[in-house]
Each structure stands twice: as structure tokens, then as C-alpha cells.
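Everything on this sheet refers to the single structure shown next.
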Amino acid sequence: MKKRSNRDSDWRRQNKRKYWLKFAIVVLSVLVIFGTVIYILNLPNFRLQQIEVKGNQTVTTTDLELVTQRLLDGRYFWLIPRDSYLFWPKSLIRKEILDKYLRLKEVALSRSGATMQIAVTERKPRALWCPGDGRVVTTTAGCYFLDPDGLVFTLAPAFSSFSNNVFVSFLDKFGTTTEPLGQYYLTPTIFNTVLVFLNRIDSIGVAVSSLIVRPEGYYEIYLKSGTRLLVSDRQDLNKSFRVLKSIADDKILNLEKVSRTPELEYLDLRFDNKIYYKKRGEQVQTQPNI
């Protein structure tokens, strides 16, 4: 019995040694594999070596490279380089660039060999936003560009003598306490609808200077002649344009004359049944809505 007990004890000790030997081999193998992977990831051949930027016009290549390089520097867990082919922070770089540069509408990142490629699309200015409640914009000092969706995205160049022949000016809205950058003047859908309406007005020979969104629920549109055009923001602007176009040849409300002279003080299209208008120095008059 004693010899059998000793044999069992020896067998258990041998099994334990075999277990720990296998465990040590497995751990060592894992460490070797892990170390090899880390070593390979740190080799220059497996890391981004160059940044290539295309599509930018106003945002400089240097600025985009600096933002990107800052996010590629360093390591994950002090071991894995951030500029590794497999682990470079693509989504983070894209978000950082878009957040930092409102002028950029789209950013696409890709990799070709050791070169990281950044393709950007810049926002195109479609209109101006200017502070205050003035009727005519004579200078762009303090004005900002809006893109086709109505986003205020950059300060406009300042010109002391400004002829508003290219951009319609959108006034007021944000007041003096709100930072306009990154804000939408109107929702993109409504802003585009308003732009189409203004373009259609321009197509019948009525030159628009600026527009103000009034809190009472209407648009106050200033023509270059100084005449004000009042349109409800609850009305279908297609209908408002049809009404405006229907009086284009009216002897009283001649739009060609309105666009060239300040004879008419305002033209009010906010009501379904009648058009209200006022000539300078005269009483308010009405005309049936056609």
C-alpha cells in the first residue's frame, strides 16, 4: 500500500510539472507572437510616412497636415503606433478636421501604400449674413458667408465699397450676443426654398438687395430700389411668386418701375385676398389678389 501511495504521489508531481511546463510554453509563445506583432507594427514599412492633401483652396495644406500629424503621433497603450496601417484613427481625423474648419463640407480619407490621402471639398459661398437691421449693405465688414444650405461658415472679406451684385444679404437673425459661425440662418430646406424664390424674382427683372426674417412671421425683402416686399413665411412661396409675376405689367404696380425707382415704399403679399401697397407720400392702397 505504501509503495502504491508513493507511485501515485510521483505521478501527480509529474503531471503538475508537465502542466506548468505547457503553461509556460503557451505564455512564452503568446509573448513571442505579441512581441513580434508589436515589432512588425513599429517597422517603418508598416507605418504612414507621408500626408497628401488635395481639393483645398482656402484652407492651407500645412494646416491640414498639422492637424492630421498631431493625431497620428504617439502610441496606443505605449506600444502600438497610431500611424500604423492597421490602427490609424481615420474617423477621429475626419471629425477633427470637419470640426476645426467649417469651410470644409466633406473630408475623405484613404491610404495608398505609405501615403495617407486627404481629399476635401470646400463650401461655396451662396449669400452673405450681415449683422444689424440695415436696408442696404454698403460694406462687407463684419459680414459672413453662407453656404447653399444656409450655414454661416466663414468671415467674408471686408470691402469698403461693396456692390451687392453677386450675393443676396441676409440680415439680423442672430443678434449681437450669438456667435454666428456654425449656425444656420434657416433650416436647409427653407433656406433653399427662399433662395429659389429670390432667384425667380430676379429673373423677372426685380433686383433683390437683402432679406430679413421678422419674428412676427414674415420675410422683409429689400429691393435695390429701396422698395420693401413683405411675404409671409407661412405661405407657399411659389404662390407668392405667381402673384408677383401676375402684376408685372400692371399700370399701378409696374415691377420694372419698382426695380428702378424708389417710388413704391412697400408691396405687401402676406394676405390671400388683397395686395397692399404704399407709394411714398401717399396712403396705403389695396388691389385684389389675382
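Taking every DSSP beta bridge that has both ends in segment 44-122, the antiparallel portion is near 70%.
Give the peptides 181-193, 200-212 in descending order of average Cβ contacts within 10 Å, highest first.
Numbers: 181-193: 15.3, 200-212: 17.8.
Those peptides, ordered most packed to least, come out 200-212, 181-193.
For segment 44-122, what does the convex hull of the Cα positions come to per residue, in cubic angstrom? Intermediate results must be reported in sequence, preceding the final value.
On the way: hull volume 6.4 nm³, N = 79.
That works out to 81 Å³ per residue.
A short reminder: the numbers here are calculations on the coordinates, not readings from a lab. All figures in this text were calculated on a predicted structure; none of them were measured in a lab. Note: ideal-geometry Cβ built from the backbone for every residue, glycine included; neighbour counts use all protein chains shown.
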